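Chemist: After the structure tokens below, expect a handful of questions from me.
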């Protein structure tokens, strides 16, 4: 540690003294805690750079050495991908709750649009259209799940379909 202090002090001492500032001096930088911090930070940066380089260029060659580091594009042990349709991943109970919540929101907004007079209703109507599309998506998903389970009875109400799925 003494050797590192003297090397840093002699190197930085000349360059820092020429700046004329008293805040950043060689005496402050060569203190043991500051040197340990700088060395630790440099090691952290170097290990991250080495990891990125290794993962980028030598992924297949070094996969057997450290398989936990290589979960990128080319690995077979990467993360599983899920569908882009969140409704397909929801359980029947969650779909039912989402359907009831959305239906309540649509009814509330319909009553709100009827009370608003003379103002621009396009924002409200856009929200209602999006919510109705969501309801239609959930309804078609319930129908497809009913067909998969072998219950091809025609639905009069989506809530009846949810009850059949339980």
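The values are calculated or read from the model by the stated rules, or taken from the named source; none is laboratory data. The shown structure was predicted, so the numbers you read here are calculated from the model rather than taken from an experiment. Cβ coordinates were reconstructed from backbone atoms using ideal geometry, including for glycine residues, and neighbour counts include every protein chain displayed.
Chemist: Any residue in region 132-145 that's under 14 Å from residue 91 (Cα atoms): show its pairings with residues that are surrounded by 12 or more Cβ atoms within 10 Å (Cβ to Cβ) and at pLDDT 85 or above at Cβ separation under 6 Å, as long as the two are six or more apart or on different chains.
Modeler: Pairs that qualify, where the first residue is under 14 Å from residue 91 (Cα atoms) and the partner is surrounded by 12 or more Cβ atoms within 10 Å (Cβ to Cβ) and at pLDDT 85 or above, are 138/95; 138/99.
Chemist: I need the helices (runs of 4 or more DSSP H) fully contained in region 73-166, keeping only those with at least 2 residues that are at pLDDT below 75 and loosely packed, with under 15 Cβ neighbours inside 10 Å.
Modeler: On the way: elements: 86-89, 92-115, 122-148, 158-165.
Those helices (runs of 4 or more DSSP H) span 158-165.
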